[in-house]
Amino acid sequence: MAAALTPAAPLTAQAAPKRPARTSSLGEQRAARYLERVRHDPSLLLAFLQEMPKGGDLHNHLAGAIYAESYLRWASEAGLCVERSSFTLLQPPCDPSQGKPAAAASLASPDFYAQVIDAWSMRDWNAARESGHDHFFATFPKFQMISDARTGDMLAEVSAQAARDHLAYLELMFAPDQGAAIGLASHLDQEDAEFARSAERADFEAMRRKLLPGMSAVLQAGRRNLDEYEARMHRDLGCGSAQPDAGCRVTVRYLYQVLRGLTPAQVFAQILTGFEMATQDARVVGLNLVMPEDWYVPMRDFSLHMRMIDFLRRSYPRVHISLHAGELAPGMVPPAGLSFHIRESVEVGHAERIGHGVDVMQEHDPLGLMQEMAARHVAVEICLTSNDVILGIRGNQHPLPTYLRYRVPVALATDDAGVSRSDMTREYVRAAETYGFTYLELKRMARASLEHSFLPGESLWRDFASSRRVGACATAGADVGKPAAACASFLEANPRARLQWAEEAEFAHFEQRF
């Protein structure tokens, strides 16, 4: 555990930490004034935030990012069937008389079509009949048969949507090896499959030695799949053609996702694969653990998983880690289950970012924890729509303003925009309408998303809090799109700074319109 920190100040407006003062540009001031004028006009607020540059989306599950309409169209093209009782996709042959009509039949039946879309998303979800949490997580098995088969098309769709939202960067969670790591662990004998059931008996090094001989095939499968998926994405978007989709300009990287609800051996094998893949393929920039945090195995093995990550990170110290933690609400699990996940993710799991962090005020010493996160520059990926529909946490129940009060870096994110029926623009609209954030506060969150991305290289910012650029780029004029020679050399050597520089040029262009 971290050393004790100075007690946090009371949660009062007077006690809120003051941000360093900085001089705003004229364009920035005009954009800020315009936002205040349209704040209570939903249509104009939406138009303003639609066009505003938003940096990156750091918490985006690829399978959940796709709208149900696309999945249903692809399922129809593939000749798949839909089980009417559950709306789950099935392999042909289809037989309407047996309750297995063709997915394509929905395209000619408005009622059937609507029922499938509702079953595969949060659209028209009925809270009186089913909790948001249960309905949300039940959607994924229903369309999994087609989501597993159309990854390249999914990458194209999510990139195109990112461009529409004026995002420059995506970190997408999925497993390029398509379960090969899980299969690798599944071939071990029963004794090994139970190797880590007790944290005291865990022999991580022995398991690592047994898994490494088969790791080469897993990594090759992952690289081969990524090559295929990205080639399809580029074809779909027309990248390199005379009229490419704007999505071609979005930088896409991947977080290897670990299914944490499986056996300890399978989870360990996936975590090891994530570290290995992030080391050997520059497109994979880190790893994350997924599946509902409140389920039995993720709750039972949470501390064990953090110890696995802690052990493996010693061999892969440069691999980035973002962890789902605190995606819980009171009543979902016993009170003790709310009290340690975020802290263990930071202090044991080496998380550089926390996904959700909703239950932070239920943690032991929450204010001290947030001070520690601020001191370590651990960012929080805030998913407002997702937290509302899954956890029922919204408005003043959400800790977003408290994170900001304690200077924890915050980046807005979509989580599963397709299932939640949202997009990044609507996340910004929700933040502005609910919490009254100013333009400068929203801009700071957009900048933070790139500052805390896992892109390689140094940051553009010498001091992020005061928006002071590094020395090589400090003297740039108003035309930020044309760096001086020294700055150009710095940007060329640092992909993260290069993307940040481009984003500043987008901000300058956006703000000139006001």
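The values are calculated or read from the model by the stated rules, or taken from the named source; none is laboratory data. Everything numeric in this text was worked out from a predicted model, so none of it was measured. For neighbour counting, all protein chains shown are included, and Cβ atoms are generated from backbone atoms with ideal geometry for every residue, glycine included.
Points worth noting:
- When E347, E327, E352 are checked against the criterion of being touching a strand residue (DSSP E or B) at 6+ places or on another chain (Cβ under 9 Å) and either surrounded by fewer than 21 Cβ atoms within 10 Å (Cβ to Cβ) or at pLDDT below 95 (or both), a single residue qualifies: E352.
- Options R468, R444, R513, R498: the member that is basic (K, R) and in the same structural domain as N387 (by TED's automatic domain parsing): R444
- The residue of the range 304-315 that is farthest from L391 (Cα to Cα), among those that are of a type outside the set (A, V, I, L, M, F, W, C) and either surrounded by 24 or more Cβ atoms within 10 Å (Cβ to Cβ) or over 22 Å from the mean Cα position of the chain (by Cα) (or both), is S315.
- Of the residues examined, V284 is one that is surrounded by 18 or more Cβ atoms within 10 Å (Cβ to Cβ), under 24 Å from E503 (Cβ atoms) and under 22 Å from the mean Cα position of the chain (by Cα).
- Unmet requirement for G261, which otherwise passes all of (1) assigned to a loop (DSSP other than H, G, I, E, B); (2) more than 23 Å from the chain's Cα centre (by Cα): (2)
- Residue match in the range 369-378 (condition: touching a Leu at 6+ places or on another chain (Cβ under 9 Å), more than 30 Å from Y67 (Cα to Cα) and either of a type in the set (G, A, S) or not in a helix (DSSP H, G or I) (or both)): yes
- Residues of the range 302-345 that turn out to be small (G, A, S) and part of a helix (DSSP H, G or I), as a count: 4
- Filter result (free of Cβ contacts under 8 Å to residues at least 24 places away in the same chain and under 17 Å from V116 (Cβ atoms)) within the range 131-153: H135, A138
- Residues satisfying the stated conditions in the range 330-344, i.e. out of contact with any strand residue (DSSP E or B) (no Cβ under 9 Å at 6 or more places or on another chain) and either buried (at least 22 other Cβ atoms within 10 Å of the Cβ) or not hydroxyl-bearing (S, T, Y) (or both): P330, G331, M332, V333, P334, P335, A336, G337, F340
- Total residues in the range 60-109, condition at negative phi and either among the small types (G, A, S) or assigned to a helix (DSSP H, G or I) (or both): 28
- Restricting the range 230-251 to residues that are buried (at least 21 other Cβ atoms within 10 Å of the Cβ) and in contact with a Leu (Cβ under 7 Å, 6 or more places away or on another chain), the residue that is nearest to L450 (Cα to Cα): V250
- Filter result for the condition that a residue is free of Cβ contacts under 8 Å to residues at least 12 places away in the same chain and aliphatic (A, V, I, L, M), over L89, L44, L80: L44
- Annotation for the range 379-390: no member residue is in contact with a Gly (Cβ under 8 Å, 6 or more places away or on another chain), surrounded by fewer than 21 Cβ atoms within 10 Å (Cβ to Cβ) and not in a helix (DSSP H, G or I).
- Cβ-Cβ distances below 6 Å connect no pair with a first residue in the range 267-287 that is free of Cβ contacts under 8 Å to residues at least 12 places away in the same chain and among the β-branched types (V, I, T), a second residue that is surrounded by fewer than 24 Cβ atoms within 10 Å (Cβ to Cβ) and assigned to a loop (DSSP other than H, G, I, E, B), and a separation of six or more residues or different chains.
- Odd one out for L367, checked against (1) within 17 Å of the chain's Cα centre (by Cα); (2) over 24 Å from L45 (Cα atoms): (1)
- For the range 358-378, taking the residues that are in contact with a Pro (Cβ under 7 Å, 6 or more places away or on another chain) and buried (at least 24 other Cβ atoms within 10 Å of the Cβ), the one that is farthest from R447 (Cα to Cα) is identified as V360.
- Qualifying residue in the range 32-43 (condition: of a type in the set (G, A, S), modelled with pLDDT of 95 or more, in contact with a helix residue (DSSP H, G or I) (Cβ under 8 Å, 6 or more places away or on another chain) and part of a helix (DSSP H, G or I)): yes
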